[in-house]
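Data block below; observations after.
The values are calculated or read from the model by the stated rules, or taken from the named source; none is laboratory data. Since this is a predicted model, take the numbers as computed values, not measurements. When we count neighbours, we look across all protein chains shown, and the Cβ atoms used for this are built from the backbone with ideal geometry, even at glycine. Side chains included, ligands, DNA and RNA excluded: accessible areas come from the protein's heavy atoms. Shrake-Rupley method; radii C 1.70, N 1.55, O 1.52, S 1.80 Å.
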Amino acid sequence: MEADEKALVEAAQQDPARFAAIYDAHFARIYAFIARRVRDRAAAEDLTAEVFRHALAGIRQFEWRGVPFAAWLYRIAANEIADHMKRRAREQTEIQAEEPTGGELEIVEHRAALHRLVDRLPADQRRVIVMRFAEERSTREIATEIGRSEGAVKQLQWRALQTLRAQMGRPA
Amino acid sequence: MTERNQFDRLDAVIDAILDGRVMPIVDGDLAALALVAADLRDLPDPQFRDRLRRELLKENDMTTTMTATVQHMIPCYLIEGAAGMIEFLEKTFDAEVLQSHASPEGKVMYAEVKVGDSTIELGDANEQWTAKAAPLHVYIPDVDAVYARALAAGATSIYEPMQQPYGDREAGVTDPFGIEWYLATRLEGGPRPPGFGTVTAGFRTAGAPKLLEFLVDAFGAVEVDRTSGPSGEIRHAEIRLGATMIELSEAHGQWGPTKGAYHVIVDDCDAMYERALRAGATSVAPPETKPYGERSAAVDDPFGNQWYIAMKIA
């Protein structure tokens, strides 16, 4: 696992075209971390974009020091979040850039794993989940858009959550 | 509580979660699903994810990705009842099963079958990998005999063997799995047209020039020959993907659009995957190293075809 990750990062350092593999591996966790802290979709998207732009620009400078590559990305994300908070704060306040640790890290990694599983749902379930949560649409709106009954959409939604719950191995 | 009632209650809980309201939960099963729903509240928009990915790659101007090349392509059949199709191929074409792997439930997970000098891959469709059945064109020494064998094996006739103006004696059948087979014997100029194997995959789509453009941009396809119809549409085009010839035509009348799945063997999986995404494909699965000696990825093209991009690794 670590050897795999090291190979990915080294490949991207030699040829930034390989950065896409790093993006695919870490997008979910970085987005989940930022979204949890900023609680605003548009800001979460802007900050996530900034994190990966910085990471891409700085990938050649990254050095292995025995910590996972994700820690480096979390550090960049924490800095971006702190800058964002400072810009938004009306008064001059001290805002520390804090990387996720302990319970927060666990929550973020758990959510990122869940969000990745959404991609693996059967197509009709995935569509409903994406429209419902990422696009924040009602089941009625989804039903109209995909040409199914509202009941059918609610049933797909139930099934999808059951599948996700089973795959996450949550205790019943 | 009825099932429907449960679906409605979960929906109300999700409304509350999305609005940031607190909702009392009583039922155990519902509570567990509400926890999952709460964790989905920050689900990223996949369109944002894909757009950012494209932007990052563009900013990086990855000229290196353009160098990835396709070595050859194998048509894949994900159908209901793959075992039956294997039997059909054996009965009709004396096909040889190179390998076949069954799931514990007896489904065909993956099979490789040889017809003449060509390989076809098969598997049972499932929820994730849905049924696709694009037409195939086969050159055999005796079309009349193979046509009769196909019908005996359960196929239905599209048309009986007949002489075609392009120098083939040709027949059409639909096998019991809904796949169209165009059976042909070359009457002049050798056993097969130049570049063709025994089996050739056919693409029929609405807007064939767009699909051709995609194949060129994504996989470096080369147009070898084209016959146009009266209004300039592609009647028939021969296109090379690495060492493999494919055929393309504009869907029309009873010949509706078809969708297929294809395994492209490339020299650089990651680079080819990037190239396909930039050509307009959408990601199904990013590149991943598999335990069976392959690094592979999957994408959908905008025409409903699915592409497994694979690189053999030692």
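Would you confirm whether any residue within the range B:43-50 is farther than 30 Å from B:ALA218 by Cα, more than 7 Å from every other protein chain (Cβ to nearest Cβ) and modelled with pLDDT of 80 or more? Even if it seems obvious, please write down each step before you answer.
Keep residues of the range B:43-50 that are farther than 30 Å from B:ALA218 by Cα, which gives none.
No.
There is at least one residue in the range A:99-106 that is within 14 Å of another protein chain (Cβ to nearest Cβ), out of contact with any Ser or Thr (no Cβ under 8 Å at 6 or more places or on another chain), touching a residue at least 60 places away in the same chain (Cβ under 8 Å) and over 18 Å from B:PRO46 (Cα atoms). Somewhere in the range B:305-313, is a residue at pLDDT 90 or above and more than 16 Å from the chain's Cα centre (by Cα)? Taking every residue of the range B:305-313 in turn, at least one turns out to be at pLDDT 90 or above and more than 16 Å from the chain's Cα centre (by Cα).
Within the group B:ASP144, B:ASP175, B:ASP117, B:ASP124, which residue is more than 22 Å from B:GLU238 (Cα to Cα) and open to solvent by 40 Å² or more (accessible area, probe 1.4 Å)?
Details: B:ASP175 fails: open to solvent by 40 Å² or more (accessible area, probe 1.4 Å); B:ASP117 fails: more than 22 Å from B:GLU238 (Cα to Cα); B:ASP124 fails: open to solvent by 40 Å² or more (accessible area, probe 1.4 Å).
One residue alone meets the criteria, B:ASP144.
Only one of A:ALA143, A:ALA78 is within 17 Å of the chain's Cα centre (by Cα), surrounded by 15 or more Cβ atoms within 10 Å (Cβ to Cβ) and either assigned to a helix (DSSP H, G or I) or within 11 Å of chain B (Cβ to nearest Cβ) (or both). Can you tell me which? Let's see the steps before the verdict.
Working: A:ALA143 fails: within 17 Å of the chain's Cα centre (by Cα).
Criteria check complete, one pass: A:ALA78.
Name the single residue that is nearest to A:GLU80 (Cα to Cα) among those in the range A:1-40 being open to solvent by 60 Å² or more (accessible area, probe 1.4 Å) and in contact with a Pro (Cβ under 9 Å, 6 or more places away or on another chain). The qualifying residue nearest to A:GLU80 (Cα to Cα) is A:ARG37. Looking at the range B:19-36, is at least one residue facing another protein chain (nearest Cβ under 7 Å), closer than 21 Å to A:ARG140 by Cβ, modelled with pLDDT of 80 or more and outside any helix (DSSP H, G or I)? No, that holds for no residue. Go through the residues of the range A:101-120 one by one and say whether even a single one is over 21 Å from A:PHE33 (Cα atoms) and either open to solvent by 60 Å² or more (accessible area, probe 1.4 Å) or part of a helix (DSSP H, G or I) (or both). Yes - at least one qualifying residue is present in the range A:101-120. In the range B:220-285, counting only strands (runs of 3 or more DSSP E) that sit wholly within it, the ones holding 2 or more residues that are out of contact with any helix residue (DSSP H, G or I) (no Cβ under 7 Å at 6 or more places or on another chain) and within 30 Å of B:GLN47 (Cβ to Cβ) span B:261-266.
Every residue in the range B:165-179 that is touching a Phe, Trp or Tyr at 6+ places or on another chain (Cβ under 9 Å) and either assigned to a strand (DSSP E or B) or of a type in the set (Val, Ile, Thr) (or both), please. Show your work before the answer.
Kept after step one, since they are touching a Phe, Trp or Tyr at 6+ places or on another chain (Cβ under 9 Å), are these residues of the range B:165-179: B:168, B:170-177, B:179.
Hits for the range B:165-179 are B:ASP168, B:GLU170, B:ALA171, B:GLY172, B:VAL173, B:THR174, B:ILE179.
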